[in-house]
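Student: Below are the structure tokens for one structure; questions will follow.
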Amino acid sequence: MTTEAVDWRRATTPPCPRCARPAALTARYPHRWRNAAGAWVEGWREALLCGHCDGQEATARPLLTLLASEQGVGAPELTRLGPLVTAWLAAVGDRTPEWGRLAAEAARWRAGDL
Ligand SMILES: [Zn+2]
């Protein structure tokens, strides 16, 4: 995955689905999979970075530190941000769902809590 292929957002992020705190960043990136007929399907995935929930993730820590910088993210930091986002996505992008957590979130959604 190249840095240019990632659409990341910082200003309009949804709340973290795990803790409901504001997300630090969301990233939308290309993803492809084979459908039931065996054909490739091109699509997108989205990952959410949460300062509270993802702080222990090795690739998330330097990204969270940069985003939390009191100086903000200016032009010099942007050159560091792209590779940090790419490294973080490489670590978290292919995770499969935790089925128990997914079922719990689905139940919260059906109950109107999300
Ligand atoms: Zn969280």
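Values in this text are rule-based calculations from the coordinates and carry no lab data. Not measured: the values here are computed from a predicted model. With ideal geometry, Cβ positions are generated from the backbone for all residues, glycine too; neighbour counts draw on all protein chains shown.
Student: If the Cβ limit is 8 Å and pairs must be 6+ apart or interchain, which residue in segment 24-45 that is more than 24 Å from residue 65 (Cβ to Cβ) pairs with which residue that is of a type in the set (Gly, Ala, Ser)?
Tutor: 30/5; 30/43; 31/43; 31/93; 32/43; 33/43; 45/93
Student: Exactly one condition in (1) in contact with a Lys or Arg (Cβ under 9 Å, 6 or more places away or on another chain); (2) not in a loop (DSSP other than H, G, I, E, B) is false for residue 51; which is it?
Tutor: Looking at each condition in turn, residue 51 falls short on (2).
Student: Name the residue that is nearest to residue 93 (Cα to Cα), counting only residues in segment 33-58 that are more than 16 Å from the ligand (Cβ to nearest atom) and under 17 Å from the mean Cα position of the chain (by Cα).
Tutor: In this case the residue turns out to be 45.
Student: Still on this structure, please answer the following. Residue by residue through segment 86-111, note down the ones that are among the hydrophobic types (A, V, I, L, M, F, W, C), within 17 Å of the chain's Cα centre (by Cα) and under 20 Å from residue 15 (Cβ atoms).
Tutor: Listed by number, the residues that qualify are 88, 92, 102.
Student: Now for a separate question. Can you pull out every residue in segment 66-94 that is within 16 Å of the ligand (Cβ to nearest atom) and closer than 19 Å to residue 7 by Cα?
Tutor: Matches in segment 66-94: 67, 88, 92.
Student: Pick from 103, 20: which is surrounded by 10 or more Cβ atoms within 10 Å (Cβ to Cβ) and not in a loop (DSSP other than H, G, I, E, B)?
Tutor: 103
Student: Residue check: is residue 63 of a type in the set (A, V, I, L, M), surrounded by 13 or more Cβ atoms within 10 Å (Cβ to Cβ), within 15 Å of the ligand (Cβ to nearest atom) and not in a strand (DSSP E or B)?
Tutor: yes
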